[in-house]
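Below: the structure, in structure tokens.
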There are 2 protein chains.
Amino acid sequence: MERSGVGTSPGAVRPDAVGFRPLYRQVYDMLLRRLADAVWQPGQILPSEGQLAAELGVSQGTVRKALDALTADSLLVRRQGRGTFVAEHDDKQSVFRFFKLRPDGEGTGMPTSRVAAIAEAAANADERDRLALAGSARVVRIERTRALDGRLCLIETISVPVALFPGIAGLDLPNTLYSLYASRFGITIATASERLKAVVLPPREAVLLEVEAGTPALEIDRIAFDLEDRPVEWRRSTCLTESLHYLSVLR
Amino acid sequence: MERSGVGTSPGAVRPDAVGFRPLYRQVYDMLLRRLADAVWQPGQILPSEGQLAAELGVSQGTVRKALDALTADSLLVRRQGRGTFVAEHDDKQSVFRFFKLRPDGEGTGMPTSRVAAIAEAAANADERDRLALAGSARVVRIERTRALDGRLCLIETISVPVALFPGIAGLDLPNTLYSLYASRFGITIATASERLKAVVLPPREAVLLEVEAGTPALEIDRIAFDLEDRPVEWRRSTCLTESLHYLSVLR
DNA sequence: TAGTGGTCTAGACCACTGC
DNA sequence: CAGTGGTCTAGACCACTAG
């Protein structure tokens, strides 16, 4: 097979180049680009390995390696005998990919949400810093509470750039925001980084969570990144952990 | 190639069996067994892909797939042009695989330890539960404090079964316990599960951490598992998070 | 039964390391 | 330069799904 099949453009394989970029990596990037550009919608089926291989002019094994990598990154789902699909993030399994609070004892641990406030404003210094925004950027701030198995446990403020989510302030927000981000704005949350601290619950949050002030609480500071690794959401959650915990699995 | 190369024992490929077990999975299990049995020591080089393939009577590609899986599980390290090595857990990178506390600002974040107490005792109900021990089992309890960049930040109690770690109470304990587990007792920590809660620092811990009682603290309850997924260590840590945080990356 | 992904093989060649 | 892991290919066959 001719390597020029993937392109002689910058980035194609050049044996003596300092930065060697394997073919399957180039295929990975091309497919990732299509996902980022929403060429294929979540839930939709992709062409078969053979079709993609023929289209891109590489072997099926090389396409397979790229598809496997995208699957490992949770961007695709492969089902033997059926096909390869764009991953959806609103099914029960996917919710817990980014929601790590679990009940201590029994219970499904399925979270529910109630929006307390939503407003647009100029981004403050913290928001500009965390979301890599320009000085003039505007954000939408969403404040909401969440419950686990009907039990109020969390209050959080979510900041997103207006530029990326135009009109989000006027929408009816679902329980799982990330599926809305994907379906309505074409933004897929690929990874997130959380910083956890133990704090004393501030008076205002104590009122909203209906507990006495001074209670210890878990503060979660999350930045969520899209497929191109850009920060697209900043979220600060304050959680009561009396009857629940944050689950972290180390591998 | 004859499939019987990997063995006609139970678990070998049987095309019509209900539970189909791929060849590379069998190779994975065989190599995992050798790692668990400490046939190859941490840091030691493995035979080359070709040698393993010849020995096991499978193709090099199949061995490669098994080695890649073991590498993904952080049990092996592969270095192009050099070879495949058993992973070590005492280098700087590996320390942070299981230690998720980071300084808020600058600093290396390299932890240090000081053992406060170490004693053997009959396992209590919690320990028997968490470590899946019999009623008569005994454990060693280690209490120690840890500091980040010279700053005292954590106190923890570690319980391990005496049966798995004979004589550990008499040893000089290093900063990174898991490398001791591997080198001295042949036990490799493969995964760990942590449950985090926000609590009010108890009086006793407050004294040992040299802060006032009532300070909020992060409580981390960890169970660590070995290569065969047996719980081998229970650890409860209480951390001050005033100038540091727990880092969790979601993918 | 046709089509998909999953496994396995054999062989060629490339990139990297160390002697 | 020899030896290692890494990439890529082509082709055969297996397991699974759905019409």
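Being closer than 30 Å to A:Ala38 by Cα, more than 13 Å from chain B (Cβ to nearest Cβ) and not polar (S, T, N, Q) narrows it down to one residue among A:Ile223, A:Ile168; which is it? Let's see the steps before the verdict.
Working: A:Ile223 fails: more than 13 Å from chain B (Cβ to nearest Cβ).
Being closer than 30 Å to A:Ala38 by Cα, more than 13 Å from chain B (Cβ to nearest Cβ) and not polar (S, T, N, Q) holds for just one of A:Ile223, A:Ile168, which is A:Ile168.
Out of B:Ala123, B:Ala117, B:Ala132, report the one residue that is in contact (Cβ under 8 Å) with a residue 24 or more places away in the chain, away from chain A (no Cβ under 14 Å), of a type in the set (Gly, Ala, Ser) and surrounded by 16 or more Cβ atoms within 10 Å (Cβ to Cβ).
The match here is B:Ala123.
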Taking the residues in the stretch B:226-251 that are more than 8 Å from chain A (Cβ to nearest Cβ) and of a type in the set (Lys, Arg) as candidates, determine which candidate is nearest to A:Asp104 (Cα to Cα).
B:Arg236
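Mind checking which residues of the stretch A:60-69 are small (Gly, Ala, Ser) and within 9 Å of DNA strand C (Cβ to nearest atom)? If you could, list the steps in order and put the result at the bottom.
Just the residues of the stretch A:60-69 that are small (Gly, Ala, Ser), to begin with: A:61, A:66, A:69.
The answer is A:Gly61, and nothing else.
Taking the stated definitions as given, is A:Ala66 modelled with pLDDT of 95 or more and more than 19 Å from the chain's Cα centre (by Cα)? Write out each step before concluding.
Working: modelled with pLDDT of 95 or more: yes; more than 19 Å from the chain's Cα centre (by Cα): yes.
Judged against the criteria, A:Ala66 is a match.
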Being surrounded by 12 or more Cβ atoms within 10 Å (Cβ to Cβ) and either within 11 Å of DNA strand D (Cβ to nearest atom) or under 18 Å from the mean Cα position of the chain (by Cα) (or both) is the filter here; which residues of the stretch A:32-44 pass it?
A:Leu32, A:Arg33, A:Arg34, A:Leu35, A:Ala36, A:Ala38, A:Trp40, A:Gln41, A:Pro42, A:Gly43
Among the residues of the stretch B:201-238, write down those that are of a type in the set (A, V, I, L, M, F, W, C) and under 20 Å from the mean Cα position of the chain (by Cα).
B:Ile220, B:Ile223, B:Ala224, B:Phe225, B:Leu227, B:Val232, B:Trp234
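If I filter the stretch A:46-62 down to residues being closer than 27 Å to A:Ile187 by Cβ and surrounded by 13 or more Cβ atoms within 10 Å (Cβ to Cβ), which single residue comes out as nearest to DNA strand D (Cβ to nearest atom)?
If we filter the stretch A:46-62 for residues that are closer than 27 Å to A:Ile187 by Cβ, which is where we start, we get A:46-47, A:52, A:55-56.
When the remaining residues are screened for being surrounded by 13 or more Cβ atoms within 10 Å (Cβ to Cβ), the result is A:46-47, A:52, A:56.
Details: A:Leu46: 16, A:Pro47: 16, A:Leu52: 11, A:Leu56: 9 Å.
Among those residues, the one meeting the criterion is A:Leu56.
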Any idea how many residues of the stretch B:157-191 are in contact with a Lys or Arg (Cβ under 6 Å, 6 or more places away or on another chain), within 28 Å of B:Pro203 (Cβ to Cβ) and not hydrophobic (A, V, I, L, M, F, W, C)?
2
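So which residues in the stretch B:50-106 are assigned to a loop (DSSP other than H, G, I, E, B), basic (Lys, Arg) and more than 25 Å from A:Leu196 (Cβ to Cβ), if there are any at all? Write out each step before concluding.
Filtering the stretch B:50-106 for residues assigned to a loop (DSSP other than H, G, I, E, B) gives B:57-59, B:73-75, B:80-82, B:87-91, B:99-100, B:104-106.
Restricting the remaining residues to those that are basic (Lys, Arg) gives B:82, B:100.
The one that is assigned to a loop (DSSP other than H, G, I, E, B), basic (Lys, Arg) and more than 25 Å from A:Leu196 (Cβ to Cβ): B:Arg82.
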Can you tell me which residue is nearest to A:Leu240 (Cα to Cα) among those in the stretch A:188-218 that are crowded, with 16+ Cβ neighbours inside 10 Å and polar (S, T, N, Q)?
A:Thr215
Going through the stretch B:190-220 in order, the residues found to be more than 9 Å from every other protein chain (Cβ to nearest Cβ) and either basic (Lys, Arg) or in contact (Cβ under 8 Å) with a residue 60 or more places away in the chain (or both) are B:Arg204, B:Leu208, B:Leu209
Against the conditions (1) at pLDDT 95 or above; (2) in contact with a Pro (Cβ under 8 Å, 6 or more places away or on another chain); (3) surrounded by fewer than 21 Cβ atoms within 10 Å (Cβ to Cβ), where does B:Ala224 fall short? Just the number, please.
(3)
Taking the stretch A:24-38 and keeping residues modelled with pLDDT of 95 or more and part of a loop (DSSP other than H, G, I, E, B) leaves none
A:Ala72 vs (1) out of contact with any strand residue (DSSP E or B) (no Cβ under 8 Å at 6 or more places or on another chain); (2) away from chain B (no Cβ under 14 Å); (3) within 14 Å of DNA strand C (Cβ to nearest atom); (4) of a type in the set (A, V, I, L, M): all pass except (2)
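Criterion first (within 27 Å of the chain's Cα centre (by Cα) and more than 30 Å from A:Leu164 (Cβ to Cβ)) does A:Ala198 satisfy it? Give the steps one after another, and end with the answer.
Working: within 27 Å of the chain's Cα centre (by Cα): yes; more than 30 Å from A:Leu164 (Cβ to Cβ): yes.
Yes, satisfied.
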Test: residue in the stretch B:91-113 that is within 16 Å of DNA strand D (Cβ to nearest atom), within 14 Å of chain A (Cβ to nearest Cβ) and not aromatic (Phe, Trp, Tyr)
no
So, first residue assigned by TED's automatic domain parsing to the domain that holds A:Thr176 and among the polar types (S, T, N, Q) in the stretch A:96-110, second residue outside any loop (DSSP other than H, G, I, E, B) and surrounded by 14 or more Cβ atoms within 10 Å (Cβ to Cβ), Cβ within less than 9 Å, six or more apart or across chains; the pairs are A:Thr108/A:Leu148
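Within 26 Å of A:Ser183 (Cα to Cα) and at pLDDT 95 or above - does that describe any residue in the stretch A:4-23?
Checked against the condition, which is being within 26 Å of A:Ser183 (Cα to Cα) and at pLDDT 95 or above, the stretch A:4-23 yields no hits at all.
Kindly indicate which of B:Val160, B:Val115, B:Val77 is among the aliphatic types (A, V, I, L, M), under 18 Å from the mean Cα position of the chain (by Cα) and more than 16 Å from DNA strand C (Cβ to nearest atom). Can you show your working first?
On the way: B:Val115 fails: under 18 Å from the mean Cα position of the chain (by Cα); B:Val77 fails: more than 16 Å from DNA strand C (Cβ to nearest atom).
When all the criteria are applied, what remains is B:Val160.
Any idea which of A:Arg82, A:Arg141 is within 16 Å of DNA strand C (Cβ to nearest atom), away from every other protein chain (no Cβ under 13 Å) and out of contact with any Asp or Glu (no Cβ under 6 Å at 6 or more places or on another chain)?
Numbers: A:Arg141 fails: within 16 Å of DNA strand C (Cβ to nearest atom).
So the residue among A:Arg82, A:Arg141 that is within 16 Å of DNA strand C (Cβ to nearest atom), away from every other protein chain (no Cβ under 13 Å) and out of contact with any Asp or Glu (no Cβ under 6 Å at 6 or more places or on another chain) is A:Arg82.
Based on this model, can you work out whether B:Pro161 counts as in contact with a Leu (Cβ under 9 Å, 6 or more places away or on another chain), at pLDDT below 95 and closer than 30 Å to B:Ala38 by Cα? Walk me through it before giving the result.
Details: in contact with a Leu (Cβ under 9 Å, 6 or more places away or on another chain): yes; at pLDDT below 95: no; closer than 30 Å to B:Ala38 by Cα: yes.
In short, no.
The values are calculated or read from the model by the stated rules, or taken from the named source; none is laboratory data. Please read these numbers as outputs of a predicted model, since none were measured by experiment. Note that each Cβ is placed from the backbone with ideal geometry, even for glycine, and that neighbours are counted across all protein chains shown.
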